[in-house]
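Colleague: One structure is given below, represented as structure tokens, and several questions about it will come after.
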Amino acid sequence: MANEALYQQRAERIEKAVRCEPVDLIPTLFMGQAFAPRWMGMTTAQYCTDPEGACAATLGTLERLGDVDGVNLWSVGYHTVNLSTQWLSKVLMPGKDLPDDALWQVVERETMTLEDYDAIAADGWQPFLESFLPKVVDMEMFQAHMGWLVNEYPHQLEKFKAAGYVPVVGGISTIPFEVLCGGRSMNSFFMDLYRDPARVKAALDAMVPAMVENAIAACALSGIPRAWLGGWRSASAMLAPKLWDEFVWPYYYDISMALIEKGITPVLHWDQDWTRDLARLKELPARTCILNPDGMTDIRKAKELLDGHMAIMGDLPAAILSVGTPDDVYAYIEALVRDVGPTGLILCPGCDGPIDSKPENFEAFVAASREFGRVS
Amino acid sequence: MKLLCIAGFLGSGKTTVLLELARTMTQTGLQLAIVENEIGDVGVDGGYVREAGLPVQELFGGCICCTLQTGLVETLRALEAQYAPDWVVVEPTGLAAPGDLMKTVRTYMPQIARSRVLTLVDAGRWEMLQQVVEPLITAQLEAADVIAVNKIDQVDEAVVARIEEVVRRANATAAIRRVSAVSGSGLGDLQGCLL
């Protein structure tokens, strides 16, 4: 089949899964942001500073894996800039702060002050962000990153499409909690929630409009109507229910609804264990979102609660990819398809395939997904 | 090789306890290695650990979420091959649920002869932690073989007793000890209970 037709077939397969409709084959996606460069012989230092090279390494990985429908999140632009802006944190860079082929590392240190909450509440998110970013990002790299997104990213996406692979995510965002928790550091942020919740909430509320606008703009730029809404610091396994109900869920709900109104599918990329609060996802309109857990949330419980309401993307655990065997992969995928498929399921590594994933395990993931994922 | 995992929320005193345990364990002739992934301000690479020449391996987890567990397995394998220590003491990030961590380690490293989880409770910030991150604290308590109520010098007896009641409800079988890592109070007894 020509690549153009293949792309259409795969895109349609993914869309059907999102709408919880029957599929011929359960869609299978790659995600392994640090694995791809290593497998393709590129250092992580190059991967973080050469956006075209990062795209080429990702596309090369897809081609080497062969029969996958597309890719979940991968490094778009300068990878560490993405991480820094998402968590308002410095990131140790391979090739600069770390050895050339080391894994980048988010530095969990307090970069924001208590007074910054007030500045965000008073002035809004965007003006604050612009004044704050030099504290955590090399602004020369940031400018290069933004320029690359506008000028080069759309061309890179075309290469994926031309090769027949569907880039699933068009924009990256999260909820304000995750961003400020990074900036304050978890320890301080959690204490802020205890000591001065109103002050925190005022900042969170002020951030929503600009964050929604940025996610919509990113999807428009990429032409991909799906936005990654990440989370792990705000997981149900971390936070007391009362705080989760006040500082987490309303923001996921509001941001998701704003995206859905624009025809964008939120991809709720939830790391850690969110089982306690899965039922809240039924408040979102049916067949408009994707839940993307990482292997820690009870995916069978998710299926039980959300069957026919929301697609589930996941969740081959990172541990199996890294230290398991191809037999472990086969067993996991067979059980996953049996218990959670076939409709409304998209097979994908949970969270992110780690840097030291065994290539044979990724190959087994694709083979097993195609073997057990065939519906008709 | 045996494994001791020291769990507890950020700032609960894990590094201080680790350093003290490392000092006394090496004095008894045990060969030790240390794995740390704490994201607070106190590193273990200074002071006693450096003087004693103990191998210290830092765990990098990228964005510190899902890949931590696999990094730990690979790190333990490397330490076993290179140093064959009697004990590896692991200090995961204070945000880790040690139950998940140990499950992964036990699945992929069945050769580990013995593994113990010590969970530290921050008595000084107990009320705050219960109100904000109760699910995480409970998970850390549930996974413990030994629970040390730390910073007892910062609170009165009634508070410690209340904490112990809650701790006991979360984990009916773990040994519970009272310690002050800063003053050293109770640490000898804690080590005896752990090893």
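Colleague: For the pair B:THR173 and B:ALA81, what calculated FRET efficiency results from E = 1/(1 + (r/R0)^6), where r is the Cβ-Cβ distance and R0 = 25 Å, to the nearest 0.05?
Modeller: 0.15
Colleague: Can you give the calculated 222 nm mean residue ellipticity of the protein assembly as shown, where each DSSP H run of n ≥ 4 adds -39,500 (n - 2.57) and the sum is split over every residue, rounded to the nearest 500 deg cm²/dmol?
Modeller: -15000 deg cm²/dmol
Colleague: Using protein chains only (no ligands, no nucleic acids) and a 1.4 Å probe, work out which residues of region A:105-154 have their accessible area cut by at least 40 Å² relative to the chain alone.
Modeller: A:GLN105, A:GLU108, A:ARG109
Colleague: Now for a separate question. Kindly report the accessible area of region B:2-194 per residue (heavy atoms of protein chains, probe 1.4 Å, no ligands, DNA or RNA), in Å².
Modeller: Result: 39 Å² of accessible area for each residue.
Colleague: Same structure, new question: How many angstrom separate the Cα center of region B:81-95 from the Cα center of region A:153-184?
Modeller: About 36 Å separates the Cα centre of region B:81-95 from the one of region A:153-184.
Colleague: How crowded by other chains is A:355-366, given as the mean number of beta carbons from other chains within 10 Å of each beta carbon?
Modeller: Mean number of neighbouring Cβ atoms from other chains: 1.
Colleague: For region A:217-232 and region B:121-180, write down the distance between their C-alpha centroids in whole Å.
Modeller: Answer, in whole Å: 42.
Colleague: Oh, and also: What trypsin sites (Lys or Arg not before Pro) does region A:60-127 have in DSSP loop regions with at most 11 other beta carbons within 10 Å?
Modeller: Passing both the DSSP loop test and the Cβ count: no residue.
Colleague: Of A:LYS96/A:LYS135; A:LYS242/A:LYS282; A:LYS301/B:LYS103; B:LYS2/B:LYS103; A:LYS96/A:LYS358, which ones are farther than 23 Å apart at the Cα?
Modeller: Too far apart for the 23 Å limit: A:LYS96/A:LYS358.
Colleague: Could you tell me which residue out of A:TRP104, A:VAL91, A:MET42 lies farthest along the dipole of region A:1-135 toward its positive end? Charges go on the beta carbon: Lys and Arg +1, Asp and Glu -1, centred on the Cα centre.
Modeller: The listed residue farthest towards the positive side: A:MET42.
Colleague: If you don't mind, there's one more thing I want to ask. Antiparallel DSSP bridges in the protein assembly as shown: what percent, to the nearest 5?
Modeller: Taking every DSSP beta bridge with both residues in the protein assembly as shown, the antiparallel ones total about 5 percent.
Colleague: Further, regarding this structure: If amide H atoms are built 1.01 Å from N in the plane of the peptide, which residues on other chains or at least 5 residues away come under 5 Å of the amide H of A:THR265?
Modeller: The answer is A:ARG226, A:ALA227.
Colleague: Which whole-number percent gives the relative contact order of region A:4-76, counting Cα pairs below 8 Å spaced six or more residues apart?
Modeller: 35 percent
Colleague: Once phi is turned into θ = phi - 60°, what whole-Hz ³J(HN,Hα) does the Karplus curve with 6.51, -1.76 and 1.60 give for every residue of region A:356-367, x standing for Gly and Pro?
Modeller: Going residue by residue, I get 9, 4, 7, x, 5, 6, 5, 5, 5, 4, 5, 4 Hz, with x marking Gly and Pro.
Colleague: Name the residue, out of A:ALA237, A:ALA258, A:ALA331, whose mean-square fluctuation peaks in a Gaussian network model built on chain A with Cα pairs under 10 Å.
Modeller: In this elastic network of chain A, the residue with the biggest mean-square fluctuation among A:ALA237, A:ALA258, A:ALA331 is A:ALA331.
Colleague: Under a Cβ-only charge scheme (Lys and Arg +1, Asp and Glu -1), can you give me the dipole magnitude of chain B about the Cα centre, in debye to the nearest 20?
Modeller: 480 debye
Colleague: Over chain A, calculate the relative contact order: mean separation of alpha carbon pairs under 8 Å at least 6 apart, over the residue count, as a percent.
Modeller: Reported relative contact order: 22 percent.
Colleague: Antiparallel as a % of all DSSP beta bridges within region B:2-194, to the nearest 5?
Modeller: Expressed as a percentage, antiparallel bridges in region B:2-194 total about 5.
Colleague: Let me confirm one metric for peptide B:103-110, namely the mean number of other chain beta-carbon atoms within 10 Å of its residues' beta-carbons.
Modeller: For peptide B:103-110, the averaged partner shielding equals 3.
Colleague: Heavy atoms only, probe 1.4 Å: what % of the accessible area of the protein assembly as shown goes to carbon and sulfur, would you let me know?
Modeller: It is 50 percent, rounded to a whole number.
Colleague: Can I ask one more? How big is the dipole moment of region A:3-372 about its Cα centre under a simple scheme where the beta carbon of each Lys and Arg is +1, that of each Asp and Glu is -1, and everything else is neutral? Debye, nearest 20, please.
Modeller: Once rounded to the nearest 20, the dipole reads 460 debye.
Colleague: State the answer as a single residue: which of A:ILE120, A:PRO176, A:ALA17 lies farthest towards the positive end of the charge dipole of region A:3-372, with beta carbon charges of +1 for Lys and Arg and -1 for Asp and Glu, about the Cα centre.
Modeller: Positive-most Cα among the choices belongs to A:ALA17.
Colleague: Averaged across B:73-86, how many Cβ atoms of other chains sit within 10 Å of each residue's Cβ atom?
Modeller: Shielding by partners across B:73-86 averages 1.
Colleague: Using only Cα atoms, locate the centre of region A:308-333 and the centre of region A:1-53, then give the distance between them in Å, rounded to an integer.
Modeller: Taking the Cα centre of each part, region A:308-333 and region A:1-53 sit 16 Å apart.
Colleague: What is the dipole size for region A:1-84, taken about its Cα centre, with +1 at each Lys and Arg Cβ and -1 at each Asp and Glu Cβ, in debye to the nearest 20?
Modeller: 240 debye
Colleague: Once the Cα gyration tensor of the protein assembly as shown is found, what semi-axes does its equivalent ellipsoid get, as square roots of 5 times the eigenvalues, in whole Å, sorted largest first?
Modeller: Square roots of five times the eigenvalues give 38, 27, 23 Å.
Colleague: Another one. Relative contact order (percent) for chain B, with alpha-carbon contacts under 8 angstrom and 6 or more residues of separation?
Modeller: Normalised by residue count, the contact order of chain B is 27 percent.
The values are calculated or read from the model by the stated rules, or taken from the named source; none is laboratory data. Keep in mind it's a predicted model, so treat the numbers as computed, not measured. Note: ideal-geometry Cβ built from the backbone for every residue, glycine included; neighbour counts use all protein chains shown. To get the accessible areas, we keep the full protein, side chains included, count just its heavy atoms, and leave off ligands, DNA and RNA. Shrake-Rupley method; radii C 1.70, N 1.55, O 1.52, S 1.80 Å.
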